[in-house]
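Structure record follows, encoded as structure tokens.
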Amino acid sequence: MEKSTSGWVNGFIGVAIFAGSLPATRVAVTAFEPTFLTCARATIAALLGALFLIVLRQPWPARAALPSLAITALGVVIGFPLLTALALQHVTSAHSIVFVGLLPLCTAGFAVVRGGERPRPLFWLFSLAGAGLVAGYALSNGAEASLLGDLLMIAAVVVCGLGYAEGARLSRTLGGWQVISWALLVALPSMLLLSIVNLPALDAFAKVSAPAWFSFAYVSLFSMLIGFVFWYRGLVQGGIAAVGQLQLVQPFMGLGLAALLLHEHVSWMMLVVTLGAVACVAGARKYAH
């Protein structure tokens, strides 16, 4: 398989895994407090990543890589989950799609600044069109706005785009699964401490349903670790700016999974906009290099 095509396949798998995070989180928060859930899932993923690093005898990263690992951890392990959790206290999930739709564009921007990539002018046209399509769909739902919520979502998108681009840049030399594993370990002390501080009473665990436990396991293992293995590999193989455009379809994949698993309504407009987003991704791919 051509390296570029392989990158798009790996990137798509990563996006599909991330898309399952939203419905899984919706189920998990019915049994776990959001702060505990956020910190505990990062802690579990970090311990599993540490096990992989030890078993596969991976060398310690070079000292020069530590700032990049810290930036990656700040963006995707701590920043995005925390800032979105805070933002969703002030805005609806539908409104947040406005900003998630800007994430591919932000990732592409950091691919230029940090990754040294130089997409062709038409790439930016398709990228802007896709971002506008997703944002327009979210706004058409009549979501309520909040200045604080909007600022938190903007901050979340910026740090996540930086974390994606920085992690992918470092993956070129360190490897994709190694980068997310080391980044999780960088964040482990703070995540472990906050998990302990927010630990529920022991008798509360006995009341947790099987679906909630399954969802907790999903966001801990797949959303926080396994998804990034495919995502960073895809960004390296296919280009950070180009493959990053796959995030345009992530909100709709998440809504589709929510409809399938949680029996939420899926409108025809959502399907139409999804096809438009896919077309923008295809155009961005064509003119990415």
(request) Would you confirm whether any residue within the range 84-95 is buried (at least 18 other Cβ atoms within 10 Å of the Cβ) and closer than 18 Å to Ser220 by Cβ? (result) yes
(message) Suppose the filter is among the hydroxyl-bearing types (Ser, Thr, Tyr), at pLDDT below 80 and in a helix (DSSP H, G or I); does Tyr164 pass it?
(response) no
(message) Any residue in the range 14-43 that is over 16 Å from Ile226 (Cα atoms) and without any contact (Cβ under 8 Å) to a residue 12 or more places away in the chain sitting within a Cβ distance under 7 Å of a residue that is surrounded by 22 or more Cβ atoms within 10 Å (Cβ to Cβ) and among the hydrophobic types (A, V, I, L, M, F, W, C)? List the pairs, counting only those 6 or more apart or interchain.
(response) Val29/Leu37
(message) From the list Phe32, Phe52, Phe110, Phe99, exactly one residue is crowded, with 23+ Cβ neighbours inside 10 Å and over 20 Å from the mean Cα position of the chain (by Cα). Which is it?
(response) Phe32
(request) Would you confirm whether any residue within the range 159-177 is crowded, with 21+ Cβ neighbours inside 10 Å and basic (Lys, Arg)? (result) yes
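What residue, of Ser93, Ser140, Ser127, is under 25 Å from Gly256 (Cβ atoms), at pLDDT 80 or above and of a type in the set (S, T, N, Q)? Reasoning before the result, please.
On the way: Ser93 fails: at pLDDT 80 or above; Ser140 fails: at pLDDT 80 or above.
Ser127 is the lone residue from the list that is under 25 Å from Gly256 (Cβ atoms), at pLDDT 80 or above and of a type in the set (S, T, N, Q).
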(message) Can you find a residue that is more than 18 Å from Leu37 (Cα to Cα) and out of contact with any Asp or Glu (no Cβ under 6 Å at 6 or more places or on another chain) anywhere in the range 207-227?
(response) no
(request) Find the helices (runs of 4 or more DSSP H) located wholly in the range 17-118 whose residues include 1 or more that are of a type in the set (D, E, K, R), and list them. (result) 21-28, 34-55
(message) Residue under question is Ala73, and the condition is that it be within 16 Å of the chain's Cα centre (by Cα), more than 24 Å from Val186 (Cβ to Cβ) and buried (at least 22 other Cβ atoms within 10 Å of the Cβ); does it hold?
(response) no
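The values are calculated or read from the model by the stated rules, or taken from the named source; none is laboratory data. Small disclaimer: the values here were computed from a predicted structure and weren't measured. Ideal geometry is used to build each Cβ from the backbone, glycine not excepted, and the neighbour counts take in all protein chains shown.
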